[in-house]
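*Asks:* Supplied in C-alpha cells, the structure appears directly below.
Bear in mind these aren't lab numbers, they're just calculated from the coordinates by the rules spelled out. Since this is a predicted model, take the numbers as computed values, not measurements. Using ideal geometry, Cβ is built from the backbone for each residue, glycine included, and neighbour counts are taken over all protein chains shown.
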Amino acid sequence: MELYRERIERLQQKMQQEELDLTVLGPSANMFYFSGMRTSPDERLQVLLIPAAGQPVAVFPQMYRKQAETSLTSLYEIRDWADSQDPLRVVSTALGGRKPRRVVVDDTLWSCHLVSLLGVFDDVPSLATVSALAGSLRLYKDRHELELLRQAGEAADQVMEKVRDSIRPGMTERQLGAFIENAYRDLADDISFKPIVASGPHSASPHHSTGTRAFAKGDFVVVDCGGLVGGYCSDITRTFCLGQADEEMRQVYKAVMEANQAAYEAVGKGCSGEEADAAARSVITNAGYGPRFIHRTGHGIGLEVHEAPYLVDGNREELASGMVFSIEPGIYLDGSFGVRIEDIVALTEDGAEQLNRFPRELIEII
Ligand code: ZN
Ligand code: ZN
C-alpha cells in the first residue's frame, strides 16, 4: 500500500506543478502501476480518476466490483455502475459536479471511452497523454521492480537454454514459437509478447511474423522472445546457426556481438541514449554494414516491453541509475540472413548489470 501511496503522491505533485486538474487512467500498465489492478479493456467503462489533490476514485462496472475490491489498493474509493446505468453520471458525481479543464488521459484509453468522457469535462478541455507525466516516474525502477525484472531475465535465459537444446533442422518457425510460449508459461507467468522466430532468409526481417517455414541446415535462426514475472517483462534475442556458419555469417555475427558489447560498456561509463546508440552503430559501420543496421539500438522495459528510455539518435537524455533497457544491435542482409543479439541491462548505483546471462557467442547446432 505504501508503494501505491508514494506513486500516487508523486503523480499528484507533478500534476500540481503543471497545473493539471485530473488524470484519467484506463486498463493499462499505468493503471497497474498506480493501483495494482490489472484488467483488460472492453466496451464497459473502467477508469481511475486521480485529481491533483485529494481522494482518487475508481469507476468500475458492478460485475467487476469483487475483482476491484481484491486487486485495487484501498487508497481508491470504488464507485460502481450497473449495466442499466450511465457510467458518465457516476464519473460526474465522483468529480463532485466539477468540470475538469486540464486533463491528462491514458495513452491507450479506448477512443470510444475518451469521446464519451469529453461530455463530463470542460467545454474546451486541454488534453494531454499521461506518458510524459507518468512515463518519467516509471522510467526509474525501484528495488521491488528491479528484482522482478531480474527474475524475468533469469526465466528468459532458461527459455533460451531450452531453445538451444531443442532447435533442429526440420522444425518449423511456428513449432518453435509454440514451444517457447509453453516454456514461458512453465518458467514465468506468461509471455510478454508473441515470440519472433525468423529462419534463413526470414531472419533478414527484424520483426518477421513467425510462419510455417521449416528450418534447414545452414540457416541462421533469430529467436526474439520474452516473458512476464509479476507484471514485469523480459526481452531477449539470440541468433542460432543450424550447422556451420560460413565466412560471411561469422563476420556479421562478430560485428553484432562486438556492437552489443560496445553499447554495454558505454552505458556502464555513463552516457546518453544517443551516445549508446552511436557506440553500437560505429562498430557495425566500421565492419562495413552501417546501412544494414536498420533500427535503434534499444528501448526501455518494465511493465511494458517497449517504454522509455530509447537508445536512439536524438535522445540526449543521460541514461541514469534506475533505468532498465535493451541493447539489441542487428545486421540484416536482404534475401540472405540477419543477426540480432539482445540483452536487458539495468543501471544501478554500482554500474551496468546484465539481466541476461545466456552466452552471446555464436552457437552452432551440429
Ligand atoms: Zn526483443
Ligand atoms: Zn527488444
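*Asks:* Strictly over 25 Å apart at the Cα level, which of Lys194/Lys254; Lys162/Lys194; Lys217/Lys254; Lys162/Lys217; Lys14/Lys66; Lys14/Lys194 would you flag in this model?
*Replies:* Exceeds cut-off: Lys194/Lys254; Lys14/Lys66; Lys14/Lys194.
*Asks:* Could I ask something else about it? For the chain, what does the helix formula give at 222 nm: sum of -39500 (n - 2.57) over DSSP H segments with n ≥ 4, over the residue count, nearest 500 deg cm²/dmol?
*Replies:* The helix-only estimate for the chain comes to -11000 deg cm²/dmol at 222 nm.
*Asks:* Still on this structure: Let me check against my output: what whole-number percent is the relative contact order of the range 30-136, with C-alpha pairs under 8 Å and at least 6 apart?
*Replies:* Dividing the mean separation by the residue count of the range 30-136 yields 21 percent.
*Asks:* With a ≥ b ≥ c the root eigenvalues of the C-alpha gyration tensor of the range 1-103, is it rounded (a/c under 1.5), prolate (a/b larger than b/c) or oblate?
*Replies:* oblate
*Asks:* Using 7 Å Cα-to-Cβ label points, what is the Gln251/Thr93 separation (nm, one decimal)?
*Replies:* Computed distance between label sites Gln251 and Thr93 equals 7.3 nm.
*Asks:* What list of ³J(HN,Hα) values in whole Hz, one per residue of the range 300-315 in order, does the Karplus curve 6.51 cos²θ - 1.76 cosθ + 1.60 (θ = phi - 60°) give from phi, with Gly and Pro shown as x?
*Replies:* x, 8, x, 6, 10, 5, 10, 8, 5, x, 9, 8, 8, 4, x, 8
*Asks:* While we're looking at this one, here's another question. Looking at the chain, what % of its DSSP beta bridges pair antiparallel, to the nearest 5?
*Replies:* The answer is about 75 percent antiparallel.
*Asks:* Something else: Around Pro125, with a cut-off of 13 angstrom between Cβ atoms, what is the net charge of the other residues, counting Lys and Arg +1 and Asp and Glu -1?
*Replies:* Spelling it out: positives minus negatives among the neighbours equals +1.
*Asks:* Continuing with the same structure: Which distance in Å, rounded to a whole number, links the C-alpha centroids of the range 150-193 and the range 330-364?
*Replies:* 16
*Asks:* Could you derive backbone 3J(HN,Hα) for the range 98-109 from the dihedral phi with the Karplus parameters 6.51, -1.76 and 1.60 (θ = phi - 60°), listing whole Hz in sequence and x where the residue is Gly or Pro?
*Replies:* Result, rounded to whole Hz: 6, 10, x, 9, 10, 10, 10, 10, 4, 4, 10, 5.
*Asks:* So how strong a dipole does the range 28-112 carry about its Cα centre when Lys and Arg Cβ are +1 and Asp and Glu Cβ are -1, to the nearest 20 debye?
*Replies:* 320
*Asks:* Which value, in debye to the nearest 20, gives the size of the charge dipole of the range 226-297 about its Cα centre, when Lys and Arg are +1 and Asp and Glu are -1 at the Cβ?
*Replies:* 60
*Asks:* Now, a different point. Return the equivalent ellipsoid semi-axes of the range 308-363 as a descending list in whole Å, where each equals the square root of 5 times an eigenvalue of the C-alpha gyration tensor.
*Replies:* 25, 17, 6
*Asks:* Using the Cα centre as the reference, give the magnitude of the dipole from point charges on the C-beta atoms of the chain (Lys, Arg: +1; Asp, Glu: -1; all else neutral), rounded to the nearest 20 debye.
*Replies:* 540
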